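Chemist: This is the structure I want to talk about, given as structure tokens.
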Amino acid sequence: QKDYCAHITKDNRFNKLLAKDNSVIRGYLYAQFVEIDKIGIDISYNVSIKNLDIGIPIYKLVEILGNLINNAVEALKNEIEKSRLHVEIVETDHFFIEVRNESSYVNYNEINTFFVKNYSKKGENRGLGLHNVKQICEKYGLDISCENIEMYGVTWLSFKVSKKKMKTIF
């Protein structure tokens, strides 16, 4: 029974994504997380969203999330001892997306090249994803950043997309 309960709990750990507002984002994340879990990457997440009224089409948010998550997964596939991914989407008076993966330290000169069109460490005919994310952010007034973060002795590479929400005053 103990093994069965552990198995059921593991299988259902992403279900809370499906029980809240904004089914497009939550459904997308659920599908991504299930697939990522199958390849052995440990996923943690915090999703606290409602209507996502931030002036950007939902399909563009999915494109941003997809590129950031896919890049993090690709980086983790190349690491032997690093296998953790964290995704956070928060909507309060400030909106942000954070996708971070365990990583070796990346120097800031290299980080600056991540957003350059056609730059990729993965081979030729690549390097459009983060460039496109940057273009979307510029078009819709979102800020994007990438930095090394150390938490509890672990280095993470963190990509954040954010926007301060405007408050309506009557």
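The values are calculated or read from the model by the stated rules, or taken from the named source; none is laboratory data. Just so it is clear, the structure is predicted and the values come from calculations on it, not from any experiment. No Cβ is skipped: glycine too gets one built from the backbone with ideal geometry, and neighbour counts run over all protein chains shown. Ligands, DNA and RNA are stripped out before the accessible areas are found, and what is left, the full protein with its side chains, is counted by its heavy atoms. Shrake-Rupley method; radii C 1.70, N 1.55, O 1.52, S 1.80 Å.
Chemist: Checking the cross-link filter: which aspartates and glutamates have an alpha carbon closer than 17 Å to that of K163, excluding same-chain neighbours under 8 positions apart?
Modeler: Reachable aspartates and glutamates: D53, E63, E88, E91, D93, E98, E138, D143.
Chemist: Within a Cβ distance under 10 Å of E98, other residues only, what is the Lys/Arg minus Asp/Glu net charge?
Modeler: Taking every other residue near E98 into account, the sum is +1.
Chemist: Read phi for every residue in the range 131-146 and hand back ³J(HN,Hα) as whole Hz from Karplus 6.51 cos²θ - 1.76 cosθ + 1.60, θ = phi - 60°, with x for Gly and Pro.
Modeler: 4, 5, 4, 4, 4, 4, 4, 5, 5, 9, x, 9, 9, 10, 9, 9
Chemist: Considering only protein heavy atoms and a probe of 1.4 Å, how much of the accessible area of the range 54-164 is carbon and sulfur, as a whole percent?
Modeler: Carbon and sulfur together cover 46 percent of it.
Chemist: How high is the FRET efficiency between D93 and N148 when r is their beta carbon distance and R₀ equals 22 Å, given to the nearest 0.05? All intermediate terms of the calculation are to be shown ahead of the outcome.
Modeler: Working: r = 27 Å, r/R0 = 1.24.
Efficiency, rounded to the nearest 0.05: 0.20.
Chemist: Which pairs break 20 Å Cα to Cα here: K60/K160; K60/K139; K139/K160; K38/K134?
Modeler: Going by Cα-Cα distance, K38/K134 fall outside the 20 Å limit.
Chemist: Measure off 7 Å from each Cα along the Cα-to-Cβ vector at I39 and E81, then give the distance between these two points in nanometres to one decimal.
Modeler: Using points 7 Å along Cα→Cβ, the separation is 2.2 nm.
Chemist: Could you run the Karplus curve 6.51 cos²θ - 1.76 cosθ + 1.60 with θ = phi - 60° over the range 100-109 and give me ³J(HN,Hα) per residue in whole Hz, x for Gly and Pro?
Modeler: 9, 10, 4, 7, 6, 4, 10, 6, 5, 5
Chemist: For a test of the definition: using alpha carbon positions, the gyration tensor, and the 1.5 limit on a/c, classify the range 39-164 as rounded, prolate or oblate.
Modeler: Oblate shape, in that a/c is at least 1.5 and b/c is the bigger or equal ratio.
Chemist: Using the Cα centre of the range 49-166 as origin and beta-carbon charges of +1 (Lys, Arg) and -1 (Asp, Glu), tell me which of Y59, V99, I80 is placed farthest towards the positive end of the dipole.
Modeler: Y59
Chemist: Now for a separate question. Once you place label points 7 Å from the Cα toward the Cβ at K117 and A31, how far apart are they in nm?
Modeler: My value for the distance between the label points is 2.9 nm.
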